[in-house]
Each structure stands twice: as C-alpha cells, then as structure tokens.
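Worksheet for the structure shown next.
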Amino acid sequence: MLDVQNLAKSYDTARGPLPILENVTFQMQAGDALAVVGPSGSGKSTLLYLLGALERPSGGAVSLDGVDPFSLPERELAAFRNRRIGFVFQDHCLLPQCTVLENVLAPTLVAPPDAAHEARARDLLDRVGLAARLDHLPAELSGGEKQRAALARALVLEPALVLCDEPTGNLDQDTARAVADLLVDLHQRQRGILIVVTHSPELAARLPRQARLRDHRLVFSAS
Ligand SMILES: Nc1ncnc2c1ncn2[C@@H]1O[C@H](COP(=O)(O)OP(=O)(O)O)[C@@H](O)[C@H]1O
Ligand SMILES: [Mg+2]
C-alpha cells in the first residue's frame with residue numbers, strides 16, 4: 001500500500017519559500033491506478049519525485065508497504081528506489097551505448113543476482129512487441145519503440161510502485177495510444193500501484209482514478 005499523508009513541498013528561493021505542494025493526502029492499494037493532470041508548472045513532476053523518493057518533502061510522510069523511504073540511510077534508499085519503484089519519463093532515458101535487452105536489464109544489475117531476471121526481461125520485451133529488437137541500440141528504434149523499451153525496463157523488477165511522467169507526451173497520437181494500451185495492460189497483469197502524470201485526457205480516462213493538481217492541492221475527481 002502507498003500511504004501519503006499531508007505531503008508538502010516548497011522550494012527556498014531568494015524571495016522566500018515557494019510553495020509547490022500542500023496537504024497532499026491519499027492512499028492506494030496494490031492494483032490501483034491513478035491519473036494526475038494539471039497545468040504546466042502545477043507540481044506534477046515534483047509530486048512524482050517525492051513519491052519516488054528522488055526529492056525530500058518539506059513536510060508530511062510517504063510510506064510504501066510500511067516503509068518510509070526517507071527514514072532510510074542513503075545507500076538503502078537507493079536500493080529501495082531501484083527495487084521497489086519503476087520510473088517512466090517523458091523522454092525514454094535509455095542508455096545509448098547499451099542494447100535494448102541490456103537497457104531493460106539495467107535495474108537488475110544492482111539487485112541480487114537472479115536467473116529469472118533475463119527471462120522476465122525477454123518476456124516483457126516480447127509483450128511490448130520488441131522481441132525482434134533485443135540486440136538493437138536505442139538509436140535504431142522509433143520513438144514509440146524506445147518508450148516501450150522504457151516501460152519494460154521500469155517493470156523488470158516488478159516494482160510495487162510505477163511512476164510515469166507524461167509517458168506519451170513525446171509521441172504522435174496513434175503511437176501514444178499504443179503505448180497507453182501497453183501501460184494499462186502491463187499494469188493489470190502485474191497489479192502494482194500505478195501513477196501516471198499526463199496531459200492526455202484520453203490516457204487519464206483509461207485509469208480508474210483521476211486527480212488534478214490545483215492551487216498546490218491534489219483534488220480527486222468524484223468516482
Ligand atoms: N529546484 C527548484 N527551485 C525552485 N523552483 C522549482 C524547482 N524545481 C521546480 N520548481 C518549480 O516548481 C513548480 C512545479 O514544477 P513541476 O513539478 O516541474 O511542474 P509540472 O511537472 O506540473 O509542470 C514550477 O513552478 C517550477 O518552476
Ligand atoms: Mg512535469
């Protein structure tokens with residue numbers, strides 16, 4: 001379970017603290033999925049960075065399956081993030097010198113060795129339609145293919161929490177729809193917790209819960 005209590009973030013600036021998020025409180029169970037929308041600059045990426053323990057909150061608490069990541073020492077925090085959280089960014093962020101298969105296996109390199117990792121990576125790449133591209137470099141893939149490889153990489157360690165920041169933002173409409181289909185399908189198979197920041201009303205509507213960032217608050221749509 002993801003438990004977010006009174007989460008707050010402000011940045012210190014020359015003109016004093018700049019509030020970005022205030023009083024963000026919600027819970028999600030395994031299998032839940034949430035779309036977060038809101039104007040540019042409203043704090044959507046900041047929210048994902050806090051939930052993914054990439055940034056420290058100014059106040060409040062996050063716990064994932066009972067663990068508060070910010071209570072962990074730095075080294076354990078990195079391991080926790082790698083093992084328990086999958087990220088998909090607007091830009092695929094694949095390593096350019098590594099093949100598709102190597103990119104998907106990258107998160108497993110710092111996890112305890114497990115022969116099942118490669119089988120899972122190959123299975124995911126098969127599901128996202130890249131079985132014939134295992135040995136290709138990212139530069140040899142289309143935008144949609146790169147993002148599909150990034151999805152496989154985010155899911156290879158079966159993370160409890162998957163965070164996607166405008167995952168279809170750089171794709172044309174048809175490609176965006178195909179990537180969204182895969183995202184929803186993979187989430188339903190894996191049954192982790194999925195949070196997707198998106199500007200696409202179409203993608204947002206495909207997830208069971210929607211919330212909007214407005215005036216520093218996360219406001220949930222009535223469901
Ligand atoms: N390090 C920082 N210092 C000061 N302000 C920041 C910093 N990082 C982000 N911001 C501000 O926080 C606000 C929210 O940013 P962001 O979370 O990226 O919004 P979104 O993803 O919704 O477009 C923006 O106004 C941005 O300028
Ligand atoms: Mg953003």
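Brief remarks follow.
- Region 116-138 residues that are among the hydrophobic types (A, V, I, L, M, F, W, C), paired with ones that are outside any helix (DSSP H, G or I) (beta carbon under 7 Å, 6 or more apart): ALA121/VAL156; LEU124/VAL156; LEU125/LEU134; LEU134/THR99; LEU137/PRO96; LEU137/THR99
- Looking across region 151-193 at every residue that is within 16 Å of ligand 1 (Cβ to nearest atom) and charged (D, E, K, R), the one that is nearest to THR108 (Cα to Cα) is identified as ASP165.
- When LEU72 is tested against (1) more than 14 Å from ligand 2 (Cβ to nearest atom); (2) free of Cβ contacts under 8 Å to residues at least 40 places away in the same chain; (3) surrounded by 13 or more Cβ atoms within 10 Å (Cβ to Cβ); (4) within 30 Å of GLU202 (Cβ to Cβ), just one condition goes unmet, and that condition is (4).
- Lone unmet requirement of (1) over 16 Å from the mean Cα position of the chain (by Cα); (2) small (Gly, Ala, Ser); (3) buried (at least 16 other Cβ atoms within 10 Å of the Cβ) for ALA149: (1)
- Number of positions in region 182-199 that are in contact with a strand residue (DSSP E or B) (Cβ under 8 Å, 6 or more places away or on another chain) and not in a helix (DSSP H, G or I): 8
Since every read-out is calculated from the coordinates, none of them should be taken as a lab result. The structure presented is a predicted model; accordingly, all values stated were derived computationally and were not measured. All Cβ positions, glycine included, derive from the backbone under ideal geometry; neighbour counts span all protein chains shown.
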